[in-house]
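Computed from the coordinates by the stated procedures, all read-outs in this text should not be read as laboratory data. Everything quoted here is computed from the prediction, not taken from an experiment. When we count neighbours, we look across all protein chains shown, and the Cβ atoms used for this are built from the backbone with ideal geometry, even at glycine.
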Amino acid sequence: NAGVTQTPKFQVLKTGQSMTLQCAQDMNHEYMSWYRQDPGMGLRLIHYSVGAGITDQGEVPNGYNVSRSTTEDFPLRLLSAAPSQTSVYFCASSYQGMNEQYFGPGTRLTVT
Amino acid sequence: AQSVSQHNHHVILSEAASLELGCNYSYGGTVNLFWYVQYPGQHLQLLLKYFSGDPLVKGIKGFEAEFIKSKFSFNLRKPSVQWSDTAEYFCALGGYQKVTFGTGTKLQVIP
């Protein structure tokens with residue numbers, strides 16, 4: 001089992017560019033989520049999905065889009081990158097939303 | 001709404017000292033509680049979890065935590081820390097459809 005995988009590991013964007021962060025899991029988890037981690041602020045939930053075709057907003061959804069066409073994949077799209085989106089992004093999955101989360105290795109994004 | 005508070009932002013201890021990190025939560029329903037650890041440059045890993053039953057739960061690497069419902073607390077403890085415990089520790093609350101994390105406590109253990 002690869003667990004939760006994320007690509008890329010590092011990315012530099014210019015303001016206004018768009019990109020997609022990829023996340024995949026091979027544990028057949030129904031629940032997947034995206035967090036951003038910023039110093040002193042812990043992990044903040046961006047979007048989550050309780051199953052294929054179902055997504056919902058978390059705490060900080062503005063500027064991000066998600067979709068869930070399969071159980072395995074949950075990509076995060078930055079529509080028009082801003083310096084405030086410079087952060088480390090973690091994807092996680094679990095059997096249910098309130099259960100133990102399994103995290104991917106993270107993507108470090110810098111927006112200049 | 002659900003929330004988690006970690007009051008210690010940065011803790012510095014000498015090796016062999018005892019550790020207690022505070023965590024308080026706010027949620028009106030049944031809770032699942034977690035402690036995660038993040039070693040430098042790595043992703044979060046589960047230390048321990050509480051779903052129900054014995055309020056004193058034991059995790060990996062000698063860590064334990066006690067759920068005190070009346071105080072809405074889930075403090076993390078370790079009797080004797082090691083240099084390798086240097087990391088950031090996150091308390092988390094599993095509520096309806098999501099897990100909410102605290103802001104984290106950075107632990108620095110001095111040899």
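Things worth noting here:
- Length-normalised contact order of chain A in % [C-alpha pairs under 8 Å, at least 6 apart]: 36
- Each 5 Å bin from 0 upward holds the following percent of the Cα-Cα pairs of the stretch B:1-56: 4, 12, 19, 26, 21, 11, 5, 1.
- For the stretch B:11-68 and the stretch A:1-62, distance of Cα centres in Å: 24
- Among B:K98, A:K9, the order by Cβ neighbours within 10 angstrom, fewest to most, reads A:K9, B:K98.
- Taking every alpha-carbon pair within the protein assembly as shown, the share separated by more than 22 Å comes to 51 percent.
- Considering all C-alpha pairs of chain A, those separated by over 21 Å amount to 28%.
- With N counted as the residues of the stretch A:1-55, its alpha-carbon radius of gyration over 2.2 N^0.38 Å works out to 1.32.
- With a Förster radius of 30 Å applied to the C-beta separation of B:S3 and A:K14, the computed FRET efficiency comes to 0.25.
- Neighbouring Cβ atoms from other chains, within 10 Å of the Cβ of residues in B:34-43, number 3 on average.
- Proxy reagent accessibility, fewest Cβ within 10 Å first, across A:C23, A:C91: A:C23, A:C91
- Ellipsoid equivalent to the stretch A:58-112 - semi-axes via the Cα gyration tensor, in Å: 22, 13, 11
- Debye-formula intensities of chain B, expressed as log10 I(q)/I(0) at q = 0.14, 0.16, 0.18, 0.20 Å⁻¹, are -0.51, -0.66, -0.83, -1.02 (one equal scatterer per alpha-carbon, no solvent).
- Of A:K14/B:K106; B:K49/B:K69; A:K9/B:K58; B:K61/B:K98; B:K69/B:K106; B:K49/B:K78, those spanning more than 22 Å from alpha-carbon to alpha-carbon: A:K14/B:K106; A:K9/B:K58; B:K61/B:K98; B:K69/B:K106
- Across the stretch A:1-59, C-alpha contacts under 8 Å between residues 6 or more apart give a mean separation that, scaled by the residue count, equals a relative contact order of 25 percent.
- Mean Cα-pair separation over length for chain B, i.e. relative contact order, pairs under 8 Å, 6 or more apart, %: 38
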